[in-house]
Each structure stands twice: as structure tokens, then as C-alpha cells.
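Please treat every number below as a calculation from the coordinates, not as lab data. As the structure is a computational prediction, the values presented were derived from the model and not from experiment. Note: ideal-geometry Cβ built from the backbone for every residue, glycine included; neighbour counts use all protein chains shown.
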Amino acid sequence: MTATGPVGPKSPQTNTREPIIQESEASEPEATRRDAGVTESSRANRGWWDRNADEYQVEHGTFLGDDRFVWGPEGLDEVEAELLGPAEELAGRDVLEIGAGAAQCSRWLVAHGARPVALDLSHRQLQHALRIGGGFPLVQADAGALPFADGSFDLACSAYGALPFVADPVLVLREVRRVLRPGGRFVFSVTHPIRWAFPDEPGPEGLTVSGSYFDRTPYVEQDEDGRAVYVEHHRTIGDRVRDVVAAGFRLVDLVEPQWPVWNTSEWGGWSPLRGNLIPGSAIFVCVRD
């Protein structure tokens with residue numbers, strides 16, 4: 001899972017390459033709202049995750065565990081949710097995890113007898129997956145151009161991976177549908193669209209509407225030359241539903257997890273305070289008929 005937040009990312013081997021310069025060591029990027037296309041978004045986000053994968057895994061690795069399947073900062077676990085289907089029916093299934101990060105979800109799938117492939121745009125995130133291990137394929141690729149034959153998988157999943165960061169979500173959804181077999185299911189989670197109307201703050205200041213829910217202008221962090229170094233795209237709930245249908249999927253469920261009593265942690269703008277009042281995640285369950 002690679003969750004950040006709709007107003008910026010301030011929201012899991014030994015090091016096998018040169019030390020990575022963190023953004024905090026360079027000049028602070030400028031946050032703005034402006035258009036950002038497919039190519040610019042992909043380039044910026046690959047660079048951001050390569051630079052920040054180490055810090056991300058240190059900060060969130062304990063919560064995610066090495067082999068849990070968590071759908072979002074609320075902590076909804078696939079063990080309980082069964083959005084991909086009953087765990088006992090996963091054995092022998094070919095599963096594609098998109099935006100896998102350190103592939104914790106794929107590791108959980110292996111433990112239940114599935115045959116996952118973990119895909120991520122970031123080389124550094126996949127190095128963390130390699131460090132933890134698991135014995136399943138790791139693939140570095142863009143979700144908008146999946147390097148697999150038609151009908152290669154029974155299931156696909158994405159826990160905060162890819163979809164929040166792409167300029168053309170229908171392109172990604174069509175690619176996922178292409179590589180699924182008939183009857184295949186795709187489940188993906190994203191930041192709940194309503195969160196874009198609120199500041200990305202975990203405290204009381206994050207409970208007052210500060211912008212239009214209907215403003216689809218991407219959130220962009222850019223360097224001093226105006227080049228994007230991080231991009232996140234906003235879609236309304238209606239947009240997401242229309243995207244799913246336009247890609248040829250049937251939407252069978254939309255899950256908005258409530259914040260559980262046991263989860264007392266904060267994750268960027270996600271917190272118990274906000275989670276008890278407004279939804280933080282939206283999970284779309286789609287089927288290729």
C-alpha cells in the first residue's frame with residue numbers, strides 16, 4: 001500500500017544502490033494546483049517514490065507488517081473484508097497486485113495459496129519487496145501499460161496504488177480489465193474523494209471545508225524550474241464510478257471503511273478524530289463479466 005494524501009505526501013534488504021537523497025535534503029518543492037498529464041505524472045511519481053521509499057517503509061512498515069493485506073489507513077484487513085472473495089478460495093489463483101510497494105499484500109496472498117505478481121512503478125519500492133522476500137515475481141512497470149498478455153490473471157488488487165496518481169484512470173482500468181480473465185475481479189482503494197474538500201490535517205483544523213469538492217485540478221509539487229516532482233489526481237465519487245463503467249467493468253460494491261476503535265494511530269491526514277466523522281478511504285469492487 002502506498003497511501004499519501006490529497007494535499008501532498010506529508011500524509012517496506014540492505015541498500016543495494018547509491019544512497020538516495022531525500023527531498024528534505026534538497027530545496028523544498030512548491031505545492032500548487034495545476035494540470036499535469038499522463039507522462040508528467042508518471043515521471044514525477046516514479047521519482048518521488050524512488051526518493052521516499054526508504055522513509056515511507058520506516059514510517060509505515062510496522063503498521064503494514066510484512067505479510068498483512070491492509071486496504072487503507074483505517075486498517076481494514078482482507079482477512080475480515082474478503083473483498084477478493086473467501087480466503088480459502090484464493091489457492092491456485094493468479095493475482096496481480098498493482099502499486100504493490102513492498103508487496104505486503106502479495107505476501108499475504110502467497111500464504112493463502114495464491115500466485116501473485118507484484119507490480120510497481122518505483123524501483124526502490126520493489127527493492128524493499130526483494131529485501132523482505134516472498135518468492136513471487138516483482139515487475140517494475142507503469143500501470144497504464146501492463147506488460148502481460150490478455151487474460152493472464154484471475155484477480156487484481158490495488159491498495160492505494162497507481163489510481164490516485166495517474167492522469168488517465170480509464171487507461172489503467174482498461175489495462176487491468178484486459179489482463180483479467182472473464183469473471184475476474186479487480187478491487188482497488190483510493191483516498192475518499194470527499195477528503196479533497198478538507199485540509200490534509202489530522203486535527204480539528206482538518207474538519208473545516210477549505211476547497212471545492214468539484215475542483216478536479218491536480219495537486220502538484222514542483223521544483224524551482226516548475227517541473228513536477230509529485231502529482232496526485234482528484235476524481236469525485238461519480239467520476240470514479242463512471243471510470244469503472246467506461247473501462248468495461250461492473251461495479252458490485254463500494255466500501256467506505258469506518259475507523260475502528262482499536263486504531264489509535266495517525267497516518268498523514270488520517271486520524272481517529274477525522275475517521276469517526278468523515279470517510280478517509282473508498283474501495284471499489286469491480287468485476288469483468
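Choose one of VAL166, PHE153, LEU119: the residue whose Cα lies farthest towards the positive end of the charge dipole of segment 114-241 (beta-carbon charges +1 Lys, Arg; -1 Asp, Glu; about the Cα centre).
Final value for the positive-end residue is PHE153.
Which shape class applies to segment 157-278: rounded if a/c is under 1.5, otherwise prolate when a/b exceeds b/c and oblate if not, where a ≥ b ≥ c are the square roots of the Cα gyration tensor eigenvalues?
oblate
Using the eigenvalues of the Cα gyration tensor, what equivalent ellipsoid semi-axes result for the chain when each is taken as the square root of five times the eigenvalue, whole Å, largest first?
They are 26, 22, 20 Å, listed largest first.
Can you pull a Stokes-Einstein diffusion coefficient for segment 71-190 at 20 °C (1.002 mPa s), Rh from Kirkwood over Cα pairs, as a whole number of µm²/s?
Rounded, D is 151 µm²/s.
In whole Å, what three semi-axes, largest first, describe the equivalent ellipsoid of segment 139-195 built from its Cα gyration tensor (square root of 5 times each eigenvalue)?
Each semi-axis is the square root of five times an eigenvalue, giving 20, 13, 9 Å.
Classify segment 206-289 from the C-alpha gyration tensor, please: rounded if a/c falls under 1.5, else prolate or oblate depending on whether a/b exceeds b/c.
Judged from the Cα gyration tensor, segment 206-289 comes out oblate (a/c at least 1.5, b/c at or above a/b).
FRET efficiency for ARG34 and GLU256, Cβ-Cβ distance as r, R0 = 35 Å, nearest 0.05?
On the way: r = 29 Å, r/R0 = 0.84.
Using R0 = 35 Å, I get an efficiency of 0.75.
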